[in-house]
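Quick notes on the structure that follows.
The values are calculated or read from the model by the stated rules, or taken from the named source; none is laboratory data. Everything numeric in this text was worked out from a predicted model, so none of it was measured. Reconstructed Cβ throughout: ideal geometry from the backbone, glycine too, with neighbour counts over all protein chains shown. Side chains are part of the model used for accessible areas, which takes the heavy atoms of the whole protein and leaves out ligands, DNA and RNA. Shrake-Rupley method; radii C 1.70, N 1.55, O 1.52, S 1.80 Å.
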Amino acid sequence: MSGCLKINITLQRPGFSFRINETFKPGITGVFGQSGAGKTTLLQCISGGVHPENGYISSNGHTLFSKSDNVNVPSHKRRVGYVFQEGRLFPHFSVRQNLLYGTRFRKNNNTGNALERMTGMLNIDHLIDKYPGSLSGGERQRVALGRALLASPEILLLDEPFSALDQELRQQIIPYISKVAKHLNIPVLIVSHDLPDIIKLTSRLCLLSKGEVVAHDHYEALMHQQYLFNILPAADALNSITMEVKSVNPEDGMIVLNGFGEGRRVNVTFEPGVHNYTRGSKMKVFLRPDHIVLARGRVEGSSFRNQLEGRIVETFDEGPRLLCHVDCGFPLVAEVSRAAGRELELQKGTRVFCLFKTLALDAVQV
Amino acid sequence: MDYQAIWLSVKVAVFTSLIALPLAIGTGYVLARKHFRGKAVIEAVLHLPMVMPPVTTGYLLLLLLGTNGLLGSFLNQWLGIRIAFSFGAAVIAAAVVSFPLIIRSVKVAMQMVDPGLEEASKSLGASPVKTFLFITLPLAWPGILGGFVLGFARSLGEFGATITFAGNIEGETRTLPLAIYAKMQVPGQESETFLLVAVSVVISFVAIIGSHFAYQKK
C-alpha cells in the first residue's frame, strides 16, 4: 500500500526480545505500552538509530532495512522526522535557523512558503528570531515539530512529546499536532505512556507489551478487551465516545450531546467565549471508568446530570475492582469495587443506570 | 632585547598549535564519542607527555627521531631528512608536550555537547560529517579555543624536551625559555634576562586570560 510503513523485525538484547510485524497506514497511530515495552526501540529501529537483527523495514515502497538484501539506509537518508521528548533544538541557532536546518540537506523544498505556512499553523511566527533558550516548553515542542516537518519526512515519529510539559501546555500542543497531521498524508507514530493524551489525538492504537504488539486496532474496539486493562494503569483507562452537538446553552455553559438514539443524551460543560460550538458539529467525549457510578435504578434528587440506562454485556474481575462493560446504545466501561458489584448483583445481562457528573467529562471537537 | 628568541618562540608556538589542533579535534572527538577496546591505554599514552618529565619526552624523541634513532636513521638514510637539532625538532618537541593539554580540553568540550542534538541533526538529513561541522564543532568551539590557547602557551614555555631534542641553537631552536636560561649563565645580563622574563609573563598572562574568555563564551 502506498505511503505505508511496513515493519517485520526481530531484535534480541539481554533480558529483552523484540518482535514486531505491523503495517502503519498514513495518519496518526498511538504507540502505547508501559516502560520497557519496546516503544522507543520501535522508533529507533525506524529512524536507524538501532539495527534489528532480522527482517525488513520499508516506507512508501522504499526499503530502509533488509537483512536478507543487506540493506541498511543510514539515518540521515531515511526521511524519518523525529520529535524528541525534550525538543532537542540547536541552542546556537535561532528558531528560524532551527526550522530551516533540514531544508539545507533535502532538495525540492518550497522553503519560503513552507516556512510561513508552518510558523502560521504552529503559531510560532512571533518567535522566529528568538533563540531556544528563551522559549517555553510548549513553544520549544512546537518549533521541534515544525523543524521535523519542514525537512519533508515520509514518516513522522513523536517520542513522548508531552512528557516534559505540564497539563496545561499539553492541552495547548495537542490541537497543533492534530492540525498538522491532518495536512500530512504520512504515517505518524506518537509514543506515549499517557493514554488520555494519545486518544485525544487518534483512535488508532498499537499496544506494545514485553517487546511484542498485543493489539493494533481502534481504541473503541480495544476498550472492550480485557488485556487493555492488564497493561493500563487504572487511572489511564478512558471511555471515548463520539457524539453530535444537539443544543448549546451559553448561559449555563452547557452543551447537550446526542448520539446513538434520542434517549442517549450527555451534558457537557464548556467555557463560552473560549470555545464555540455549533449544533450538529461532532465531538469526542472522554470519561474515566472509575468516574461512573452504577445504580440499579434512576436516582432522583441528585446532582448527576447524566444518567444513561443500559445493560451489562460483560464483567471482568480485576483484583479488587470489577469492570463492567455496559451497552448504553454505545459501549461504556464502568469500574466499581468488587464488593459493590456483589451487593448490587452486577452480572452479564443486569440492567443498570450509568451515572456521571458533567464535570467528569472531557470533550474535544473533532 | 633578544627579539629573535621571542619571534622564534611565537613561530614555534603557532606552528605547534596549528599542527596539534586539527589532530586534537579528531582525536578528541574519537575519545569523546567512540567506545573501543584499548581506549584507556591509548588515552594514557596520549597523556603521558603531560606527566612525564619533559627531558624524558625529549630523550624518547631523540631515540625515535634522532639521526641514529629508530625512525630518524631511516629518514636520514633514505630521504636525507635530519630532524633532531632543527627548527622542526623544536616544533615536534613542543607539539608532543602540549598535545595532551589540547586533547583534554577538546575532549571535555565535545563530551559536553549533547549526543541527542547530533541524533536530531541526522534525523533532519545531515550526514555525520555535516552534523560534526554544523552542530558538534560550533557547540564545542569555546572549549576547543580554550585548548588551543593553553596549547599555545604551553609550547611557548617548553624547555626540557626542546633542549634535549632540538638543542639550544641560536636563531634556530633557542626559544624564549632557552634564551632566558642562556642569559642567566652569563654574568652582567641580569636586565636583559629580566626583560625576557617580563615578556614571557605577559604572553602567558594574555594566553590564560584569552583561554578564560573563550571558556566563558560557552
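Multiply the residue separation of A:Ser178 and A:Arg13 by 0.36 nm, subtract the distance between their alpha-carbon atoms, and state the gained length in nm to one decimal. Please list the in-between numbers first.
Working: separation 165, 0.36 × 165 = 59.40 nm, distance 3.49 nm.
Length difference between fully extended and current span is 55.9 nm.
Would you mind computing the Rg to Rh ratio of the protein assembly as shown from its alpha-carbon coordinates, Kirkwood style for Rh? Spell out each step's value before the answer.
On the way: Rg = 34.4 Å, Rh = 29.2 Å.
Reported Rg/Rh (Cα atoms, Kirkwood Rh): 1.18.
Considering only protein heavy atoms and a 1.4 Å probe, what is the carbon-and-sulfur percentage of the accessible area of the protein assembly as shown?
Values: 15280 of 27530 Å².
Its accessible area is 56 percent carbon and sulfur atoms.
For the stretch A:135-233, run through the trypsin sites (Lys or Arg not before Pro) and keep only the ones in DSSP coil with at most 13 other Cβ atoms within 10 Å of their Cβ. Write down the numbers at each step before the final one.
Details: sites: A:Arg140, A:Arg142, A:Arg147, A:Arg170, A:Lys179, A:Lys182, A:Lys200, A:Arg204, A:Lys210; in loops: A:Lys210.
Passing both the DSSP loop test and the Cβ count: no residue.
Relative to a virtual label point 7 Å from the Cα of A:Arg96 in the Cα→beta-carbon direction, which members of the stretch A:128-167 show backbone nitrogen distances below 11 Å?
From the stretch A:128-167, the list is A:128-130.
Going by Cα centres, the stretch A:285-332 and the stretch B:46-89 are how many Å apart?
Here the two parts' Cα centres lie 87 Å apart.
Please list 3J(HN,Hα) in residue order for the stretch A:201-212, calculated via the Karplus relation 6.51 cos²θ - 1.76 cosθ + 1.60 where θ = phi - 60°; whole Hz, with x for glycine and proline.
9, 8, 9, 8, 10, 10, 9, 10, 8, 6, x, 9
Residues of chain B: accessible area per residue at 1.4 Å, in Å²?
50 Å²
Give the average, rounded to an integer, of partner chain Cβ atoms located within 10 angstrom of each Cβ in B:36-48. Write down the numbers at each step before the final one.
Numbers: counts 0, 0, 0, 0, 0, 0, 0, 0, 0, 0, 0, 0, 0.
The shielding value for this peptide is 0.
What residues qualify as long-range amide H neighbours of A:Leu208, i.e. H under 5 Å apart, gap of 5 or more or another chain, H built at 1.01 Å from N?
It is A:Phe32, A:Gly33, A:Val214, by chain and number.
Please compute the average number of Cβ atoms from other chains found within 10 Å of each residue's Cβ in peptide B:124-136.
Values: counts 18, 17, 8, 5, 3, 0, 3, 2, 0, 0, 7, 5, 0.
Per residue, the average neighbour count from other chains is 5.
Quick check on packing: order B:175-188, B:145-158 by the mean number of other C-beta atoms within 10 Å, highest mean leading.
On the way: B:175-188: 17.1, B:145-158: 24.7.
Order by mean packing, descending: B:145-158, B:175-188.
Relative to the first principal axis of the alpha-carbon coordinates of chain B, what is the inclination of helix B:54-65, with its axis defined by its Cα atoms, in degrees from 0 to 90 and to the nearest 10?
Helix B:54-65 sits roughly 90 degrees off the main axis of chain B.
Show me you know the interface measure: the accessible area buried between A and B, both chains summed, probe 1.4 Å, in Å² to the nearest 100.
When A and B are taken together, about 1600 Å² of accessible area is lost.
Could you tell me how far the Cα centroid of the stretch A:54-94 sits from the Cα centroid of the stretch A:18-43, in Å?
The two parts, judged by their Cα centres, are 15 Å apart.
Taking GluC sites (Glu not before Pro) as candidate sites, keep only those in a DSSP loop with at most 10 other Cβ atoms within 10 Å, then name the longest stretch of chain A containing none of them. Provide the component values of the computation, followed by the final result.
On the way: sites that count: A:Glu251, A:Glu262, A:Glu300, A:Glu345.
Longest gap between qualifying sites, sites excluded: A:1-250.
Peptide A:74-80: average number of partner chain Cβ atoms within 10 Å per residue? Intermediate values should be presented prior to the final figure.
Numbers: counts 3, 8, 10, 3, 3, 2, 4.
Going residue by residue through A:74-80 and averaging, the value is 5.
Taking the simple approach of a point 7 Å from Cα along Cα-to-Cβ for both B:Leu63 and A:Gln365, what is their distance in nm?
8.2 nm
Roughly what would the spin-label model give for A:Asp194 and A:Thr242, points 7 Å off Cα along C-beta, in nm?
A separation of 2.5 nm, rounded to one decimal place.
What spacing in nm lies between the two simple spin-label points modelled at B:Val202 and B:Leu70, each 7 Å away from Cα in the Cβ direction?
Taking the two extended label points, one gets 4.3 nm.
Show log10 I(q)/I(0) for the stretch B:96-218 at q = 0.20 Å⁻¹, two decimals, from a solvent-free Debye sum over equal Cα scatterers.
Taking Cα atoms of the stretch B:96-218 as identical point scatterers yields -1.05.
For the stretch A:38-52, in order, what is each residue's ³J(HN,Hα) by Karplus, 6.51 cos²θ - 1.76 cosθ + 1.60 with θ = phi - 60°, in whole Hz (x at glycine and Pro)?
Per-residue couplings from phi come out as x, 5, 5, 4, 4, 4, 5, 5, 5, 7, x, x, 10, 9, x Hz.
Arrange the residues B:Met112, A:Met223 by how much accessible surface each exposes, largest first, with a 1.4 angstrom probe. List each step's numbers first, then the result.
Working: B:Met112 135, A:Met223 5 Å².
Result of the area sort, largest leading: B:Met112, A:Met223.
So who's got an amide H within less than 5 Å of the one on B:Thr67, skipping anything under 5 residues away but keeping other chains? H placed 1.01 Å off N, in plane.
B:Ala84
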